[in-house]
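What follows is one structure encoded as structure tokens, with my remarks underneath.
Each value in this text was obtained by applying a stated rule to the coordinates, not by laboratory testing. Being a predicted model, the structure only gives us computed values, none of them experimental. A quick note on method: Cβ atoms are made from the backbone with ideal geometry, for glycine too, and the neighbour counts reach across all protein chains shown.
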Amino acid sequence: MPLPEYKVVVMGGGGVGKSALTVRFVHSMFVEKYDPTIEDSYRRNLTVDGITVALEVLDTAGTEQFMSLSTLYMRSGDGFLLVFSLTATESLAELHSIREQIQRIKEASLPVGAQTQRTPIVLVGNKLDLVHERQVARDAAVQLSRSWGGVPYYETSARKEINVTEIFEDVVRQMIKADHATPRHRRGGGGGGGGGLNGSGLAGGTGTGRRRRCTIL
Ligand SMILES: Nc1nc2c(ncn2[C@@H]2O[C@H](COP(=O)(O)OP(=O)(O)O)[C@@H](O)[C@H]2O)c(=O)[nH]1
Ligand SMILES: [Mg+2]
């Protein structure tokens, strides 16, 4: 039996540590300098609550010049890590519009009646180790997560390896739950190819609704 596949998209402002968190999770190492323009996807299996899933992690670089590309990322993602830096107040504010866009796109792809279902999201405040440079109070982030309907909030350090696996485990738990509530073969927006293909069932056929999807990069 092939493993269930899920795609996590890592989004947030430049320099907040999206690549550092991704590489820490996938390769168990800290990269001091990672090309800020690289946009890449990585694979790793993860076992959560006894269920092993094949994870694809898309590390975005915010270089998509056309809205349509970020729309494609959002459409193809089953879950999202929205990352800001605890050392940069404006990086928290940047997440508002990203989250709004995700909501709009994911809700549009759900079948009628399932619109209230939550998109799997984890809010991540990174660079926890830089204690003396901290600008964002825990309360401010918790408030934001509440205003988003209580999405989980974690403070992480890619450098010190704090809570890195935990954020991926959390979003995987949420994705598994969402999949059970509305299996992806009934949802519209699963694949990189967009809603139409899935909706028509042309790309399905496994019975589980999971399949290898084309990567848009
Ligand atoms: N001290 C510290 N530095 C970090 C952490 N995460 C990332 N960085 C550094 O912050 C800079 C930007 O990180 P990067 O992952 O490239 O950010 P991205 O643009 O969001 O992908 C790099 O110099 C990283 O080494 C962290 O948890 N702690
Ligand atoms: Mg990066």
Residues (in a strand (DSSP E or B) and of a type in the set (Ser, Thr, Tyr)) located in the stretch 16-63: SER41, TYR42, THR47, THR52
Residue that is surrounded by the fewest Cβ atoms within 10 Å (Cβ to Cβ), among those in the stretch 118-173 that are within 20 Å of GLU90 (Cβ to Cβ) and free of Cβ contacts under 8 Å to residues at least 12 places away in the same chain: HIS132
Sole exception among (1) crowded, with 16+ Cβ neighbours inside 10 Å; (2) away from ligand 2 (no atom under 16 Å from the Cβ); (3) over 14 Å from the mean Cα position of the chain (by Cα) for SER91, by number: (2)
Selected residue (only one of VAL31, VAL83 is under 23 Å from ARG118 (Cβ atoms) and among the β-branched types (Val, Ile, Thr)): VAL83
Residue ID - nearest to the chain's Cα centre (by Cα), chosen from residues in the stretch 1-48 that are within 13 Å of ligand 1 (Cβ to nearest atom) and on the phi > 0 side of the Ramachandran plot: GLY12
Counted residues, the stretch 10-20 - those being more than 10 Å from ligand 2 (Cβ to nearest atom) and surrounded by fewer than 24 Cβ atoms within 10 Å (Cβ to Cβ): 1
Residue in the stretch 64-77 that is more than 14 Å from ligand 1 (Cβ to nearest atom), assigned to a loop (DSSP other than H, G, I, E, B) and within 21 Å of LEU123 (Cβ to Cβ) present: yes
Subset tally (residues that are part of a helix (DSSP H, G or I) and out of contact with any Ser or Thr (no Cβ under 9 Å at 6 or more places or on another chain)) for the stretch 78-98: 6
Residue tally, condition part of a helix (DSSP H, G or I) and touching a strand residue (DSSP E or B) at 6+ places or on another chain (Cβ under 8 Å), over the stretch 99-135: 2
Scope the stretch 30-79; condition more than 14 Å from ligand 2 (Cβ to nearest atom) and within 15 Å of GLY17 (Cα to Cα); matching residues: none
